[in-house]
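Colleague: My questions all concern the structure below.
The values are calculated or read from the model by the stated rules, or taken from the named source; none is laboratory data. None of these values were measured; they are calculated from a predicted model. Here Cβ is always computed from backbone atoms with ideal geometry, including for glycine, and neighbour counts include all displayed protein chains. With ligands, DNA and RNA removed, areas are computed over all heavy atoms of the protein, side chains included. Shrake-Rupley method; radii C 1.70, N 1.55, O 1.52, S 1.80 Å.
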Amino acid sequence: MTDRVAAAVRLHARVAAAAHTAVVSAGAVARPPQAGRHLYVDLGPLRSALGAHGVGDAQDLEEFLTARLGMPAPGGHRFGDDLGALRVRLSTGALLAGTDGELEECLSSTTPLELPHVHRALITLKSVFDDLRDDAQRWEPPR
């Protein structure tokens with residue numbers, strides 16, 4: 001049991017670190033993951049790009065990201081944040097796919113981020129956030 005818990009902690013830490021890199025590289029703000037299976041992301045810096053997609057609050061953001069990521073992205077308003085704050089909580093578990101077999105494969109792999117289902121999920125996450133970064137850059141006034 002102890003080995004399985006340790007493997008799960010290592011797995012979620014790797015996935016959280018990869019997700020953190022993806023969201024921060026796109027211009028969102030998130031503290032580096034330290035524990036747990038969630039990443040709390042502030043998309044305030046991407047407000048202009050999100051506004052162009054009709055996203056004006058955390059509920060809109062939740063719906064927007066859930067649809068694009070294909071996984072739940074609960075808005076920060078569900079955790080006590082102001083509705084106007086563009087924050088979401090992303091779960092590392094949702095990036096690992098859904099079947100017991102896939103999870104077991106992740107837990108036993110020395111390179112879980114390279115497994116096809118995990119790699120696809122991380123590419124999707126990165127792509128969605130990179131698109132928002134690109135949209136934000138198009139909406140920025142010239143310097």
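Colleague: For V24, state whether it is touching a Gly at 6+ places or on another chain (Cβ under 8 Å), without any contact (Cβ under 8 Å) to a residue 24 or more places away in the chain and either open to solvent by 10 Å² or more (accessible area, probe 1.4 Å) or farther than 26 Å from H119 by Cβ (or both).
Modeller: Taking the combined requirement at face value, the residue does not satisfy it.
Colleague: Six or more apart or on different chains, Cβ under 6 Å: which pairs go from a residue in region 122-137 that's in contact (Cβ under 8 Å) with a residue 12 or more places away in the chain and of a type in the set (A, V, I, L, M) to one that's open to solvent by 50 Å² or more (accessible area, probe 1.4 Å) and in a helix (DSSP H, G or I)? Could you list them?
Modeller: V128/R68; A136/S48
Colleague: Assuming L43 fulfils every condition listed in (1) of a type outside the set (V, I, T); (2) under 17 Å from R87 (Cα atoms); (3) touching a Ser or Thr at 6+ places or on another chain (Cβ under 7 Å) apart from one, which condition is it?
Modeller: (3)
Colleague: When only residues in region 56-75 that are among the hydrophobic types (A, V, I, L, M, F, W, C) and open to solvent by less than 10 Å² (accessible area, probe 1.4 Å) count, which is nearest to I123 (Cα to Cα)?
Modeller: Among residues in region 56-75 that are among the hydrophobic types (A, V, I, L, M, F, W, C) and open to solvent by less than 10 Å² (accessible area, probe 1.4 Å), the one nearest to I123 (Cα to Cα) is L65.
Colleague: Quick check: is even one residue across region 125-133 surrounded by fewer than 18 Cβ atoms within 10 Å (Cβ to Cβ), of a type outside the set (S, T, N, Q), under 14 Å from A17 (Cα atoms) and at pLDDT 90 or above?
Modeller: For region 125-133, residues surrounded by fewer than 18 Cβ atoms within 10 Å (Cβ to Cβ), of a type outside the set (S, T, N, Q), under 14 Å from A17 (Cα atoms) and at pLDDT 90 or above: present.
Colleague: Report, ordered by the first and then the second residue, all pairs with beta carbons closer than 8 Å, sequence separation of six or more or different chains, a first member in region 30-45 that is β-branched (V, I, T), and a second member that is at pLDDT 95 or above.
Modeller: Within 8 Å, the pairs are V41/V23; V41/A28; V41/V29; V41/A30; V41/R87; V41/V88; V41/R89; V41/L90.
Colleague: Taking R78 as meeting all but one of (1) surrounded by fewer than 16 Cβ atoms within 10 Å (Cβ to Cβ); (2) modelled with pLDDT under 95; (3) not aliphatic (A, V, I, L, M), write down the number of the exception.
Modeller: The number of the failed condition is (2).
Colleague: State which residue pairs qualify: first residue free of Cβ contacts under 8 Å to residues at least 12 places away in the same chain and inside region 57-75, second residue assigned to a loop (DSSP other than H, G, I, E, B) in any location, beta carbons under 6 Å apart, and separation of 6 or more residues or different chains.
Modeller: Listed by first residue and then by second, the contacts come to T66/P72; T66/A73.
Colleague: Do any helices (runs of 4 or more DSSP H) entirely within region 22-138 hold 2 or more residues that are over 11 Å from the mean Cα position of the chain (by Cα), aliphatic (A, V, I, L, M) and over 14 Å from L11 (Cα atoms), and if so, which?
Modeller: 47-52, 58-69
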